[in-house]
1. Somewhere in segment 272-288, is a residue over 30 Å from Val171 (Cβ atoms), over 50 Å from the mean Cα position of the chain (by Cα), outside any helix (DSSP H, G or I) and acidic (Asp, Glu)?
2. So Leu349 passes all but one of these: (1) under 25 Å from Ser281 (Cβ atoms); (2) of a type outside the set (Gly, Ala, Ser); (3) in contact with a Cys (Cβ under 9 Å, 6 or more places away or on another chain). Which condition number does it fail?
3. Quick one: count up the residues across segment 434-446 that are surrounded by 18 or more Cβ atoms within 10 Å (Cβ to Cβ) and either out of contact with any Phe, Trp or Tyr (no Cβ under 8 Å at 6 or more places or on another chain) or modelled with pLDDT under 95 (or both).
4. Would you check which residues across segment 1-46 are assigned to a helix (DSSP H, G or I) and charged (D, E, K, R) and list them?
5. Looking at segment 196-243 only, could you name the residues that are in a loop (DSSP other than H, G, I, E, B), open to solvent by 50 Å² or more (accessible area, probe 1.4 Å) and either more than 17 Å from Ser101 (Cβ to Cβ) or touching a Phe, Trp or Tyr at 6+ places or on another chain (Cβ under 7 Å) (or both)?
6. Determine which member of the set Arg367, Arg462 is among the charged types (D, E, K, R) and more than 30 Å from Ala149 (Cα to Cα).
7. Looking at segment 47-154, what helices (runs of 4 or more DSSP H) fall wholly within it and have at least 1 residues that are buried (at least 16 other Cβ atoms within 10 Å of the Cβ) and touching a Gly at 6+ places or on another chain (Cβ under 9 Å)?
8. Hey, any hits in segment 259-279 for a residue that's touching a helix residue (DSSP H, G or I) at 6+ places or on another chain (Cβ under 7 Å) and open to solvent by 70 Å² or more (accessible area, probe 1.4 Å)?
Amino acid sequence: MRKAETILNIICERGQRGLPLKGVYRLLFQKDLYLRAYGKLYRNHGAMTQGATEETVDGMSVAKIDGIIEKLRYERYRWTPVRRTYIPKKNGKMRPLGLPSWSDKLLQEVVRSILEAYYEPQFSNRSHGFRPGRGCHTALQEIRQVGKATKWFIEGDISACFDEIDHSVLVEILAERIQDNRFLRLIRNLLDAGYLEDWKFNATYSGVPQGGVVSPILSNLVLDRLDKYVETELIPKHTCGARRKSYPPYVLHTVKASRARIKGDLDTAWEHAKAAQKLPSRDPNDPNFRRLWYVRYADDFLLGYIGPKTEAVKIKQQIAVFLREQLKLKLSDEKTVITHATEEKARFLGYEIHIHRANHKHYQGRRCINGSVGLKVPQPVIQAQCAKYMRRGRPVHLAERLNDSAYGIVTLYQAEYSGIVQYYRLAYNLHTLSRVKWVAEQSLVKTLANKFRTSGPEIYRRFRGTHMTMKRDYKVLQVKVDRPGKRPLVAHFGGLALSRNSWAVVGESPNAVWSGRSEVEQRLLNEKCELCGAEGPVQMHHVRKLADLKGRSRWEKIMIARRRKTLAVCYGCHRQIHYGQYDGPRLTKSIAGEPCDKETITHGSEGSC
C-alpha cells in the first residue's frame, strides 16, 4: 500500500509540469487515501449528519473502506442521491444544500484530494476561493496591492453558478487533462446522481451539489476558464502605456510657482503650489494609458479599470458573452454593476472598496493617500451586528442564553464579537466596530444580571478584569472557573485592539502539506478495542460533541477523560453502546486476544474492565 503523501506528491509534480494524468481510477484502490480522507473529515460537524440514508461517520472501519474499494474495482459503486435542504440567504431567498451519505463523502474527499493535487499548480493566482492557503483576506490584499488609481470597478456575479454548471462542459474540461474513461464515468455518475426532496427523487441535469465535498474543486475547474480568458485576452488587450503623460494644468502651476520663488515672490509661489495640489500630476484621461486587473473568489469577481466608462461597459459585455457561449453560464444583471472608484463604493466579500482622494493629506511635502485602495466596514454590517442584541433601539438581555453558565455566556459573546473584528481587520475604519462592542457588552451585562437576579453595576464589580493585547492592558468582563488540580478556565469579553492590520490573514488554510498519519488513523489501524482490549477489527464510535456526554457509562467517562469525540471499539462493544446496555464487559476469549462478540460479553460490575 503506497502512502497517500507519495501518491499526491507525484500527481502534484505532473500538474506542475503540465503533463496529462493517466490511470487515475486505479488510484482509488489505495487504502491510504481513504484513511487520510477520514482523518480530515471526521472532525467536521457534518460528519454526524445523515444524508439520504442513516449512514454517518459513526461506525467507521477499515472494512468499510475495503467495501468501497471492492465496489470500485468492479465498477459497481453507485452514488446515493443527496438529501436536499435549504438555508436562508442574506437577500431573503433560500439556498439549496445537498447532504451526501458518509461513504459518498469519503470517496468524494479522495477524488477531491487527487484533483486538487493535480490542478492546484495550474490554477490562476487571481483565484482565491476554495483553495489551500487562500481566502477572503488574500483576495482583499491583492486588490489593495494591484488596485491603485483604479477609475472604475466592475462587480461581477454569476447567476446561480453552482446550480447551473453544465455537466458536459465540466466533463470536457476534465477530459482534456485526465486520460481515464473510468474516472470520468465515475464523475459523470456523481453529477447525475440526483437528490431527494421531501423523500421524492429528482434528477439533476446541471450544477454541482452545494454541500458536496468535491463540488468546490469542480466549480473552480469551470471558472478557471474565465480566469484564463481574462488573463490571456482581456488584460493584454486593455493594458497599454508605461506611464500617464504629465497633466498640463498641473505642470503650468508648478512652473509658475518655481519662477515666483526665484523672483522672491513667496506669496504668489504659495498660491500656485496650493492650486497645483488640487490637480492630478498625471493626465487622468490619457488615451494612451490603460490598465485592467481582476480578482475572483468563488463565483464573485471584481475587475478594476483605468480608462473611460464606455470601455468598462464593453469589458462587462465581453465577459457576459464568454460565460454564455463558452461555459453556458449567465452573468447576473442585478449584481453585476459598474461603479466609479472615487465617488462610489463597490461591495466585495463584505467590504466596501473605493479609491482614496484626499489632497490635504501630505507626507514629506507630497500627497500620500491619493489613488490608494480603501477597504471599509459597511455601515449596514455594523447595524446588522448591533441588531442582534437590541430591541426597539436599545440593548437587551438574550433570554435564550440564560440557561447557559456564566462562562458559556461570556465565551459566546466574545466569539461573536471577535469573529466580526478579525474578519474586518483590514478595514481602515475598524474603530467603528466600537459601537458593536458597546451594544454587545450592554447586552452581555443585562443577560448576566438577569441570570443572577442582580443589577448591571454589580455584574461589573463581580466580573471586572484586565486582559493584555498587543502590550496593552484592556478592561474586560472576565469569568474564571476553578478546577481542582488543573488550571482554571478563563473567559473574557473585550480585549481586542480595534486597529487595522493591513497584512492580516485570518482563518485561511495553510498550504497543502501531506504529512504522516493522524492520531485517529493510527487508532483505527491499531485494531485494538479501547474498552475491552480485544484485538481485531474495530469500529470508530463518534459523538457529535463532548458536551453531549453525561459521564454515566464507562465508555463516556473514557471519552471525557481523553477529550476525544472518538473511541475505537470492537463490534460487540459498539453494538452494546448503541443499545444503551454497555456497563463494562467481562473478558473471556478477549483475554486470549480474540475479538469479543455477544457470546463473550457479560454485563455487570464484576469483572468489568
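The values are calculated or read from the model by the stated rules, or taken from the named source; none is laboratory data. The structure presented is a predicted model; accordingly, all values stated were derived computationally and were not measured. Virtual Cβ from ideal backbone geometry, glycine too; neighbours counted across all protein chains shown. These accessible areas exclude ligands, DNA and RNA; they are computed on the full protein's heavy atoms, side chains included. Shrake-Rupley method; radii C 1.70, N 1.55, O 1.52, S 1.80 Å.
1. Among the residues of segment 272-288, not one is over 30 Å from Val171 (Cβ atoms), over 50 Å from the mean Cα position of the chain (by Cα), outside any helix (DSSP H, G or I) and acidic (Asp, Glu), which makes the answer no.
2. Status for Leu349: all satisfied but (1).
3. Final tally of qualifying residues: 1.
4. Matches in segment 1-46: Glu5, Glu13, Arg14, Arg17, Arg26, Lys31, Asp32, Arg36, Lys40.
5. The answer is Asp198, Tyr205, Thr239, Ala242, Arg243.
6. After applying the criteria, what remains is Arg462.
7. 102-119, 136-146
8. yes
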